[in-house]
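Heads up, the thing below is written out as C-alpha cells.
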Amino acid sequence: MANGGVCLSCSALVCALVFLTVDGDFVDITYVASAVAKGAVCLDGSPPAYHLARGFGSGVNSWLVHFEGGGWCSNVTTCLQRKRTRLGSSKQMAKQIAFSGILSNTPDYNPDFYNWNKVKVRYCDGSSFTGDVEKVDPATKLHYRGARVWQAVMDDLLAKGMNSANNALISGCSAGGLTSILHCDRFRDLFPVDTKVKCLSDAGFFINEKDIAGVEYIAAIFNGVATTHGSAKNLPSACTSRLSPGMCFFPQNEVKQIQTPLFILNTAYDSWQVRNILVPGFADPHGKWHSCKHDIDQCPASQLQILQGFRDDFLKALKEQGTPSTRGLFINSCFVHCQSETQETWFASGSPMLETKTIADAVGDWFYDRNPFQKIDCPYPCDSTCHNRIYDDPSEA
C-alpha cells in the first residue's frame, strides 16, 4: 500500500470462512462502552471491542487473549483510509466471528486450550496497541489511542473473571503477534506471581530488512507509526532507552529483554513479509516478481536465491535473541502468514509438522511444561507438510 500504510489481509477469506463455519463456533461481539469516557477508542472514536467465549470444565479459570492482526497506519492519510474500515472503527466490525484453530472449543481441534476462556481482541487503532496522543485534530477527528484501548480491554476482562486466572496466555497473529511481543511483560504484570502466564507470537517476528531495491521501507513504516501515534512511551523502555522508537517495533530489538516465557511461531519465508517488506509493489515496477509472489513454487532460481537470503537474515535476527529454556520456537519453511487461527494449520490431519509435532502439540507442550520445543525447519522446499499459500492476486497484501 502506498503512502505509508500497510494492511495485512487474507485473500482466501471466502475459503477461510467456509472452513471456520464447519469447525468453529460463532461468538458475539462485546463493545467496551465504558472505555469511551477514558478516551480509549478506535481511530474514529468508536468504542473498542472483543469477542469472548466462556471457559468450561477444567478451563474455567484459564484465559487465552488473542489479538487480531491487520497491519498499521503510519500517517494521517493512511489512518484516514483505515478509519472507514473495521480496522479503524468498531462500527464496521462483524457482530459475530467464527472461532477456530487456537480459539476452537472442541478438543479434537484444540486439545490444550479448547475449554479455556478465549478472547479475540479486535484491532482498530493501527499501532499494535501502542498509541496515545491526547489531542484530536478537529479536521481529521483521528484518535491515536491504541495503548489506552489495550488497557481498557484488559481492565474489562479482569473484571469479568480474568483476575482469578490460574493460567493466562496472550497471543496474536501478524500485527497482533507483534502486539503479544510488545505487551508480553505488561500482560504478565496483570496477574499474581503464582499465575502461569506466557506469550505466543504468530507471524509477528517482522525483521528489519531492506527491499529488493535497497530501500528501508518497513523501517520507514515503523518510524511513521511511532511518530504519528506517539508510541514511544508505550514501547518497552529497555529498547527505547537505546534505540529510536521506530526501531523498537522490530522484535529483533525487543525479544532478548522480555522476561516472560515467549513462544515464537513463524515461517522463515513469511508470505506477508516477502510480499510487503522484501518485494513491495513499488520496488518491482515491471512485475518481475509477480509470479513468485503469487506462488513460491513459481519462483525462478535467481529469485529463490534471494528468498533463501531473506531466510538467512530472518534466522540470524532470531538467533541473536538467544534460546533460553523458557523460549518456544516453531519456525517452519512454509510460504504462509499466520498459522494458529486456521484449523488446517493449527491442528488437523495433514497439518504442518516439525519432528512429528503439529503447532498445537508444540505450543501445548511448551505452555504446560511437558516438553520444551525449539525447532527450526530445513530450507524450502524440504518440508512436505507445508500448506503453502497461493495468492489469487499477485498484488494483494
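Each Lys or Arg adds one and each Asp or Glu takes one away; over the other residues whose Cβ falls under 15 Å from the Cβ of N332, this sums to -3.
Going 7 Å from the Cα of V36 in the Cα-to-Cβ direction, what parts of segment 141-185 have a backbone nitrogen less than 20 Å from that spot? Hits in segment 141-185 for V36 at 20 Å: 141-157. Cross-linked pairs K293/K357; K141/K293; K196/K357; K160/K375; K120/K319; K118/K196: Cα-Cα separations exceed 26 Å for K293/K357; K141/K293; K160/K375; K120/K319.
By DSSP, what percent of the beta bridges with both residues in the chain are antiparallel, rounded to the nearest 5? Walk me through the numbers before you get to the answer.
On the way: 15 of 43 bridges.
So the antiparallel bridges amount to about 35 percent of the total.
Of all lysines in the structure, the ones whose alpha carbon falls short of 27 Å from that of K135, not counting any fewer than 8 places away in one chain, are K38, K83, K91, K233.
Considering all alpha-carbon pairs of the chain, what whole percent are spaced by more than 27 angstrom? It works out to 45 percent of all Cα pairs. Extension gain, Q92-K256: 0.36 nm per intervening residue step, less the Cα-Cα distance, totals 55.3 nm. The simple spin-label model puts a point 7 Å past each Cα toward its Cβ; for H286 and S164 those points are separated by 6.7 nm.
Where the centre of each part is set by its Cα atoms, how far does segment 268-304 sit from segment 68-135, in angstrom? The two parts, judged by their Cα centres, are 27 Å apart. Per-residue accessible area (protein heavy atoms, 1.4 Å probe) orders T106, T130, T323 as T323, T106, T130, starting from the largest. State the percentage of accessible surface on the chain attributable to carbon and sulfur atoms; use a 1.4 Å probe and exclude ligands, DNA and RNA. That fraction is 53 percent. Quick one: compute the contact order of segment 25-376, relative version, from alpha carbon pairs under 8 angstrom and 6+ residues apart, as a percent. The normalised contact order for segment 25-376 reaches 17 percent.
Note on D392 and D369: the model spin-label points, each 7 Å out from Cα along the C-beta direction, lie 4.7 nm apart.
Report the residue, chosen from F26, F205, F249, that carries the largest GNM mean-square fluctuation when the chain is represented by alpha-carbon nodes joined by springs under 10 Å. Comparing F26, F205, F249 in the GNM, the peak value goes to F26. Figure legend: label point modelled 7 angstrom from the Cα of Q298 along Cα→Cβ; residues of segment 315-336 with amide N under 16 Å from it are 335-336.
Highest mobility in the GNM of the chain, judged by mean-square fluctuation with C-alpha springs under 10 Å and restricted to G176, G88, G364, is found for G364.
The values are calculated or read from the model by the stated rules, or taken from the named source; none is laboratory data. Keep in mind it's a predicted model, so treat the numbers as computed, not measured. Because the Cβ atoms are built from the backbone with ideal geometry, glycine has one as well, and the counts that use them run over all protein chains shown. Calculation scope for accessible area: heavy atoms of the full protein, side chains included, ligands and nucleic acids excluded. Shrake-Rupley method; radii C 1.70, N 1.55, O 1.52, S 1.80 Å.
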